[in-house]
Amino acid sequence: MTALLQKIVSARRGARLGLSLFLYGAAALGILTYHLKQAAGRSLGVAHFPLNSLLEGAAVVLCLLLLWRIANSFRESPSFIFTYYVLISFLMFFVIERCALMAVRWPEPPWLTQDGAAFLQVLGSMAAAGGALIVLPHLRSLREGSALARMERDKFLAAAESSLDDFYLFDGVPDEKGEIKDFRFSYINPNAERRLRTRRENMIGKILTEERPFVIRSGLIERYREVVRTGTPFTGEVYLDDERIKATWLSVQVVKLGSGIAVTSRDVTEQKRLTDHVHYLAHYDQLTGLPNRTLLRDRLEQAIAYAQRHNNRVAVFILDVDHFKEVNDAHGHAEGDAVLAAVGKRLLETVRETDTVARIGGDEFVIVMPEFKSLEDVRRCGWQIVRSAAKPIPLGGREIKVTVSVGLALYPDCGAGSDELLRKADASMYMVKGRGRNGLQICGEEGS
């Protein structure tokens, strides 16, 4: 079967080659016989009939058009292409030479002799041949360049139309000074149509800020202008909440394209939510919603660094729910968790918004209080924590009463680093437990 197909293909190529040689011969014969007829007519004093010239010329042109079509199928054959262009050169010579001669001989001036006409023919022939040699290679390169441009355009459209991302092209809209002030939609791919909930025909040619006012509120229009001014691409995540797209995070990439821009965007809402959830799990306690040990250490180190720069002090409280194991044993783990959540909520209500309340595990909590005014203010806050925690906690139709033991360490009085401060505060807390619990102990003091 394969051999048969090869024979068929070979036969078709042979037939096309034979037809091209026939057309070549016919066109060449037409050109040569035309000149012979012209010469014979001039020797006999008989004018060549113009209609015959037109018919013969039309036949030559038809042969060349057919030959051109065949030549396209033989692009891989340089010799055939060369022969084709040589024949085209002859055609140009024939046409230009005839037109030039007819122009000077209609009406025929009295001074134009037979020798003068022959001389004009020679000059016209030389000009036509030279022009053909110069112009034809450029025509070929232009044709190839046009074909390459169409191919690249087709590739771009295929990629853009099938892309899973939103893709936009915008033309720049200049102001009176020539600076880009806005952008106009020039292309939207199908995914962008679905994002905007409209057909691209309704957007092409429209002004960006008029159709999407959120780009002004979000500052995106300034970033787009900056891309055009500097040529530096922009990449970032943008939160959208406009009339067409509700509560959506998009990852946006913008590059300069002439005086406009090309924008690629992708919906990363779910990815953003997942990332935020992972971040929450890594930094917050799931039971109370308070910062965990990781986030606490970061907040404490930031507070210490700020205090170093501004010559301030930092208070660190550590507190433990007294006899919490007995609460769990008596009421169950579910109500024990509810007690911890209630204690965490009361601690938040007791301190300032700028303070950090964290749960570091079990029934232990830590409070970081930066920039306090005086030691007496910290002491009052500590005792307020003790009294607030001791209030009965209503759970399931009954009240559960717990107390807390609180230890306090001050920066820089009790330590210069976060680990040292936590250790000193923890030691102070155990001093309270040793005295009977439900109290406050400040690091470095005998009793509080």
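Please tell me if Phe234 is under 16 Å from the mean Cα position of the chain (by Cα) and surrounded by 14 or more Cβ atoms within 10 Å (Cβ to Cβ). Full working, then the answer.
Values: under 16 Å from the mean Cα position of the chain (by Cα): yes; surrounded by 14 or more Cβ atoms within 10 Å (Cβ to Cβ): yes.
Yes.
Under 9 Å between Cβ atoms, at least 6 apart or on separate chains: pull out the pairs that start in segment 255-281 with a residue that is touching a residue at least 40 places away in the same chain (Cβ under 8 Å) and end on any residue that is loosely packed, with under 14 Cβ neighbours inside 10 Å and part of a strand (DSSP E or B).
Here the result reads Ser259/Pro174, each pair linking segment 255-281 to a residue that is loosely packed, with under 14 Cβ neighbours inside 10 Å and part of a strand (DSSP E or B).
Assess whether Arg223 counts as being over 21 Å from Phe156 (Cβ atoms), crowded, with 19+ Cβ neighbours inside 10 Å and of a type in the set (Lys, Arg). Outline the logic, then answer.
Working: over 21 Å from Phe156 (Cβ atoms): yes; crowded, with 19+ Cβ neighbours inside 10 Å: no; of a type in the set (Lys, Arg): yes.
Taking the combined requirement at face value, the residue does not satisfy it.
Please go through segment 256-296 and give me each residue that is of a type in the set (Gly, Ala, Ser) and surrounded by 18 or more Cβ atoms within 10 Å (Cβ to Cβ), ordered by number. Break it down stepwise before answering.
Within segment 256-296, the first condition is being of a type in the set (Gly, Ala, Ser), and the residues that meet it are 258-260, 262, 265, 282, 289.
Within segment 256-296, Gly260, Ala262, Ser265 meet the criteria.
Out of (1) among the polar types (S, T, N, Q); (2) at pLDDT below 90; (3) in contact with an Asp or Glu (Cβ under 9 Å, 6 or more places away or on another chain), what's the single condition that is false for Ser448?
Unmet condition: (3).
Among (1) among the hydroxyl-bearing types (Ser, Thr, Tyr); (2) open to solvent by 50 Å² or more (accessible area, probe 1.4 Å); (3) over 18 Å from the mean Cα position of the chain (by Cα), where does Thr209 come up short?
Of the numbered conditions (1) among the hydroxyl-bearing types (Ser, Thr, Tyr); (2) open to solvent by 50 Å² or more (accessible area, probe 1.4 Å); (3) over 18 Å from the mean Cα position of the chain (by Cα), the odd one out for Thr209 is (2).
Residues checked against (1) at positive phi; (2) touching a strand residue (DSSP E or B) at 6+ places or on another chain (Cβ under 8 Å); (3) hydrophobic (A, V, I, L, M, F, W, C):
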{"position": "Ala338", "(1), (2), (3)": "no, yes, yes"}
{"position": "Val351", "(1), (2), (3)": "no, yes, yes"}
{"position": "Thr356", "(1), (2), (3)": "no, yes, no"}
{"position": "Phe365", "(1), (2), (3)": "no, yes, yes"}
{"position": "Arg379", "(1), (2), (3)": "no, yes, no"}
{"position": "Ala389", "(1), (2), (3)": "no, yes, yes"}
{"position": "Gly396", "(1), (2), (3)": "yes, no, no"}
{"position": "Ile400", "(1), (2), (3)": "no, yes, yes"}
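Can we say Gly407 is part of a loop (DSSP other than H, G, I, E, B), open to solvent by less than 10 Å² (accessible area, probe 1.4 Å) and in contact with a strand residue (DSSP E or B) (Cβ under 8 Å, 6 or more places away or on another chain)? Before you say what the answer is, go through the steps one by one.
Values: part of a loop (DSSP other than H, G, I, E, B): no; open to solvent by less than 10 Å² (accessible area, probe 1.4 Å): yes; in contact with a strand residue (DSSP E or B) (Cβ under 8 Å, 6 or more places away or on another chain): yes.
Answer is no for this residue.
The values are calculated or read from the model by the stated rules, or taken from the named source; none is laboratory data. Model, not experiment: these values are computed from the prediction. Neighbour counts run over all protein chains shown; Cβ positions are idealised from the backbone, glycine included. All accessible areas refer to the heavy atoms of the entire protein, side chains included, with ligands and DNA or RNA removed. Shrake-Rupley method; radii C 1.70, N 1.55, O 1.52, S 1.80 Å.
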